1. Assuming R0 = 25 Å, what is the FRET efficiency of T63 and T199, from their Cβ-Cβ distance, to the nearest 0.05?
2. If amide H atoms are built 1.01 Å from N in the plane of the peptide, which residues on other chains or at least 5 residues away come under 5 Å of the amide H of G125?
3. In the structure shown, do any of K53/K114; K25/K53; K74/K114 have a Cα-Cα gap over 18 Å, and if so which?
4. If I stretch the segment between T122 and E77 completely, what's the gain in nm (0.36 nm per residue apart, minus their alpha carbon distance), one decimal?
5. Compute the length gained on full extension between L93 and K189: take 0.36 nm times their separation in residues and subtract their Cα-Cα distance, giving the result in nm to one decimal.
6. Explain nothing, just the number: dipole magnitude of the range 178-234 about its Cα centre with +1 on each Lys and Arg Cβ and -1 on each Asp and Glu Cβ, in debye rounded to the nearest 20.
7. Across the range 23-40, in residue order, what do the Karplus-derived ³J(HN,Hα) couplings come to in whole Hz, using 6.51 cos²θ - 1.76 cosθ + 1.60 with θ = phi - 60° and x for Gly and Pro?
8. Please list log₁₀ I(q)/I(0) at q = 0.15, 0.16 Å⁻¹ for the range 1-95, using the Debye equation with identical point scatterers on the alpha-carbon positions.
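The values are calculated or read from the model by the stated rules, or taken from the named source; none is laboratory data. In this text, all values refer to a predicted model and were calculated from it rather than measured experimentally. Ideal geometry is used to build each Cβ from the backbone, glycine not excepted, and the neighbour counts take in all protein chains shown. Just so you know, the surface numbers come from the protein's heavy atoms only, side chains and all, with ligands and any DNA or RNA stripped out. Shrake-Rupley method; radii C 1.70, N 1.55, O 1.52, S 1.80 Å.
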Amino acid sequence: MGRSLAGTRVLVLGGSSGIGLATAKAAAASGAKVTLASRSNDKVTAAAAQVGKSAVGVAVDTTNDAALEAFFSKQPEWDHIVVSVAAGRSAGLRDLSLQDAYGNMNAKFWTAYKTARFARITPDGSLTLVSGFLSQRPNKDALLQGCINAALESLGRGLALALSPVRVNTVSPGLIDTPIRAAMPADKKKAMLDHAAATLPVRRVGHADDVADAILMLMTNPFTTGSTLFIDGGGMIA
Ligand SMILES: NC(=O)c1ccc[n+]([C@@H]2O[C@H](COP(=O)([O-])OP(=O)(O)OC[C@H]3O[C@@H](n4cnc5c(N)ncnc54)[C@H](OP(=O)(O)O)[C@@H]3O)[C@@H](O)[C@H]2O)c1
């Protein structure tokens, strides 16, 4: 398969928004036949229409084990799968209910684990996970998110052995301006993004396309597996 995505079957879980949607668009622009999946039928159908005529949108809640397994059981082998499903609200240790904490782990970590277990991927294909740089730079107000991301990065390395020769990599984004913060008050969000732009070495926040570029590289570079690639504007060293 090598370095080209032309004619490949690509699945993006969490493809209806943000990093997943940007990845779906980039893969389609490179000639892939893209399937996008997310919970909301309306959102995923509208997103598929944006990606292009050959794109397909599928409504599946990845926290539903039976639904996810049934989805994969009906599908032929994929060439590339990207898991970009978001967890729920972040909060500090005592502010996040245990129910929400378990739900976050379920949506983000267990989706990736179950995808690796249920999906069939061609031997020269790839699986790419999306974690986040809180794995390396913990934040007390998003404590669990850092743990989930660290678990995903470890999962990616382990899966690179378990699914070999399928290549498995993880992209770890820094602060990316996507709809993930849609519920945040606009002034608070602006202040956060402005502060990040002023302090990051690259002097701006990230865009979903910045991460999609990296994901496409990991999908197509035949000598990369077990890697975690940080796309964080220098957040790790700032
Ligand atoms: N944006 C950042 O600053 C940033 C930084 C570091 C890491 N990340 C990580 O990057 C990934 C993508 O984030 P994003 O910013 O692109 O978020 P986003 O714009 O909110 O997109 C999240 C996607 O996940 C889907 N989703 C959520 N729960 C789902 C479920 N149970 N089943 C199926 N689909 C589900 C959503 O669609 P539905 O609502 O239709 O289900 C949506 O397509 C996340 O894992 C996030 O933690 C983001």
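1. 0.10
2. R167
3. Over 18 Å apart, Cα to Cα: K53/K114.
4. Here the answer is 15.6 nm.
5. 32.4 nm
6. It works out to roughly 240 debye.
7. In residue order, the calculated couplings are 5, 4, 5, 5, 5, 5, 5, 8, x, 7, 8, 10, 10, 10, 10, 7, 5, 7 Hz.
8. Evaluating at q = 0.15, 0.16 Å⁻¹ gives log10 I(q)/I(0) of -0.56, -0.63.
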